[in-house]
Amino acid sequence: MSISKRSALGLVRTSVGEQTVWALVGEASFRHMMTACITTLDLEALPVDRTEVDRHVADVMSALETHSSRRAETPGGASWLYVQHVPVRRLITQLVRKLLALSAWPEFAAAPGPVTVAPYEGLLGLRDSSSREYRAYTVTWSGVAYALGAPALYNPERSARLRKLTTVRPDSRLAGTLTPSAVPASEVVALSWSSRHAQTLLPVLEELAGQGRSSVLVDLATDPVELCPTPAHSSITLHPGPSEALTASGTVPGLRRDAEAPAGTDGVIYVGAHAVRLDRLERLAAALLEGSGGGCTQPSWRAVVRVEEWLQELLDAVRPHTVLLSNDTSPLGALAAHAAERHGATTVNVQHGAWISESVAWLALHSRHIVVMGDRDIAPARSWVRHPKAEIHVLGQPRFDALAGLGREAQRRYLQKLLGADSERGAERIAVWACQPFGPERLQAQADIILDGLKAAQGHWGLVIAPHPAQGGHVFDRLLRGDGKPPVAVADPRVGARGCLAGADAVVSVSSTCGIEAVLLGVPVLELDRPGDRTLGLAGHAVAHRCRTAADVTDTLDLVSRGSARVPREARDAVCRWRGHSAADIAQLIIRQAEAGISHTDPFEHHPAGAESGLPRGEGATIR
């Protein structure tokens, strides 16, 4: 997880006539500078206010929506910014952070001025990430200068690193044998493009199959590791998605104009003191959406258009009454929700992970029925829904139903084997780190706090790192080359945190839903809350211990060693209302909606208090 600490570029104060100009130059030239200068690495390290970033991002996205959202649409009428809102918003967030960091540098604040590009630097680049497939795009500093109006006649749109990356290619394991028109008619179509989606959706489809209801599970994954398992029930048809369509690339018609608009205030949005040109943002967004390297997680615009055509053919053949999703906000989810509405099918979205407004890329839910995990999710769901007849149902999480069957003793033996229970490396107590695909530098900072805390704790603690399903295990090599104090091991990615946490003495999480699973199983949770990291807010509901420093980790582990207090059921229900039959409850919701002709139902009135099936009173909330 090592990361270079060297900056290639820096910002230097110059002048043109009497105007101050800030030029991007090679860092090597700094030794000759007698004026204000700073490396881009040091500039990006300046603290910025998270709330201010979020506010400016919302303003910029709103302005971009007004300026150009209708310039490009799918044949089905979905605008480019509706479908691609999440990747574009993440790119804008990177731009805003850099602009606020620039304003936070005292030298620039004292003498603001235009910024010039670095010759031949690409306008879009990549941040480091430990994810196998997801690409963390960013705006380079030349891209920042371009957005502010600087000429960039000789700057390519993509950085050299981005241009060298191999694009996603169709994998032979992803090729389909059935065309959409050959898929049998079924009552439900479900869409998955990650292993977590499959774990959420399959239990619901199996419950439906047990009641004689047929379904089609569409697997849109472009990473073979994320493929859906073969359903056990014959009433569930597993159908691969159009892998070749998902790797398509090409321009975005409508966003590529022959000439730029003249600079003016009508096409400008201010981020603090910085005037950002909306036409330039549009071009940066278009460049982002033209590549094909993002697969199902960040499909290109051309891929979106082709997938919509494929989905339309599938829905025409299957004629479902319900489209079931586990994410209706990212590009494929938003596209599917739009296609289902056009087709007259109702949409049901099952909450994929915990919702904290600061950690959600786009505060939008597009489906007709929103299934949330816990009581605390009702309020954000109410404010995020976009469907005019949306209803909210508190039914837990289907993939958590399997928690009741986890073998604690077997998992404990696995953890002990990883840490060498029969050798000097053996640990008396074991913590599991439910990891996530953050960048290498952030992972290293988190690891330092955890390891220092374990090392100082009473007793002999060991750490098992459970990689995220989308994470490559090689990023943890550096942690395994220590002195063995505390002992550290990495779980098999196929086992994951779910295969470890029941056997742990404690679970460490930043924002992994495995922290919620540990709470439901009664395993103490340490919620790592470093500056700049966004957590699930479990500590705020008194179901986890907030740990900001290594000393906090040590104190909490010592508390665990002495025996921590049991988490009240009411506190757990706020985070996730878990009874072990969430899949059955969601299946009943789907069946009732179909039988009622997709009419409005009130979960409060149709189910008696204390019922053990269906929707017990208080298990749902309805909005219109």
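The values are calculated or read from the model by the stated rules, or taken from the named source; none is laboratory data. Just so it is clear, the structure is predicted and the values come from calculations on it, not from any experiment. When we count neighbours, we look across all protein chains shown, and the Cβ atoms used for this are built from the backbone with ideal geometry, even at glycine. Surface accessibility is based on the protein's heavy atoms, side chains included, excluding ligands, DNA and RNA. Shrake-Rupley method; radii C 1.70, N 1.55, O 1.52, S 1.80 Å.
Remark: spin-label model distance Thr14-Ala182 equals 6.3 nm, labels positioned 7 Å along the Cα→Cβ axis. For Glu428 and Arg530, the FRET efficiency from 1/(1 + (r/R0)^6), where r spans their Cβ atoms and R0 equals 30 Å, is about 0.65. Annotation: amide H-H contacts under 5 Å for Thr116 (H modelled 1.01 Å from N, sequence separation of 5 or more, or interchain): Trp22, Ala23, Leu24.
Estimated from helical segments only, the mean residue ellipticity of the chain at 222 nm is -10000 deg cm²/dmol, where each DSSP H run of four or more residues counts as -39500 (n - 2.57).
Taking the average, over residues, of other Cβ atoms within 10 Å as the packing measure, peptides 46-59, 69-82 rank 69-82, 46-59 from highest down.
The charge dipole of the chain, taken about its Cα centre with unit charges on the Cβ of Lys, Arg, Asp and Glu (plus for the first two, minus for the last two), comes to roughly 700 debye. Based on protein heavy atoms only, the chain ends up with 41 Å² per residue of surface accessible to a 1.4 Å probe.
Of Met34, Met61, the residue with the largest accessible area leads and the full order is Met34, Met61 (1.4 Å probe). Segment 288-343 and segment 178-203 have their alpha-carbon centroids 13 Å apart.
When the convex hull of its Cα atoms is viewed from all sides, segment 291-336 shows a mean projected area of 3.3 nm².
Neighbours of Gly453 by Cβ distance under 9 Å: Lys/Arg scored +1, Asp/Glu scored -1, total -2.
Taking θ as phi - 60° and the Karplus parameters 6.51, -1.76 and 1.60, the scalar couplings of segment 79-85 work out to 6, 4, 7, 5, 6, 9, 4 Hz in sequence order, x denoting glycine and proline. Overall dimensions of segment 1-90, expressed as equivalent-ellipsoid semi-axes from the Cα gyration tensor (√(5λ), whole Å, largest first), are 37, 18, 14. For the chain, report the translational diffusion coefficient in µm²/s to the nearest whole number, using Stokes-Einstein at 10 °C, 1.306 mPa s, and a Kirkwood Rh over Cα pairs. Answer from the Stokes-Einstein relation: 61 µm²/s.
From most to least packed by mean Cβ count within 10 Å, the peptides 430-437, 240-247 give 430-437, 240-247. Extension gain for Val21 to Arg70 (0.36 nm times residue separation, less C-alpha to C-alpha distance): 14.1 nm. Ordered by 1.4 Å accessible area with all protein chains kept, Ser511, Ser181 run largest first as Ser181, Ser511.
For the pair Asp477 and Ala361, a Förster radius of 41 Å applied to the C-beta separation gives a FRET efficiency near 0.85, rounded to the nearest 0.05.
Report the residues of segment 47-78 in range of a label on Arg342: point 7 Å along Cα→C-beta, backbone N strictly under 12 Å from it. The answer is 73-78, whose backbone nitrogens lie closer than 12 Å to the label point.
Shown here are the Rg and Dmax of the Cα trace of segment 373-416, at 17.2, 52 Å.
Taking 60 Å as R0, compute the FRET efficiency from the Cβ-Cβ separation of Arg494 and Thr35 and round it to 0.05. Efficiency, rounded to the nearest 0.05: 0.60.
If you look at the Cα atoms of segment 208-256, you get an Rg and a Dmax of 16.0, 51 Å. Shown for segment 334-453 is the translational diffusion coefficient from the Stokes-Einstein equation, using the Kirkwood radius over Cα pairs, a temperature of 20 °C and a viscosity of 1.002 mPa s: 118 µm²/s. Label zone of Arg566 (point 7 Å out along Cα→Cβ, amide N under 12 Å): in segment 519-541 this covers 522.
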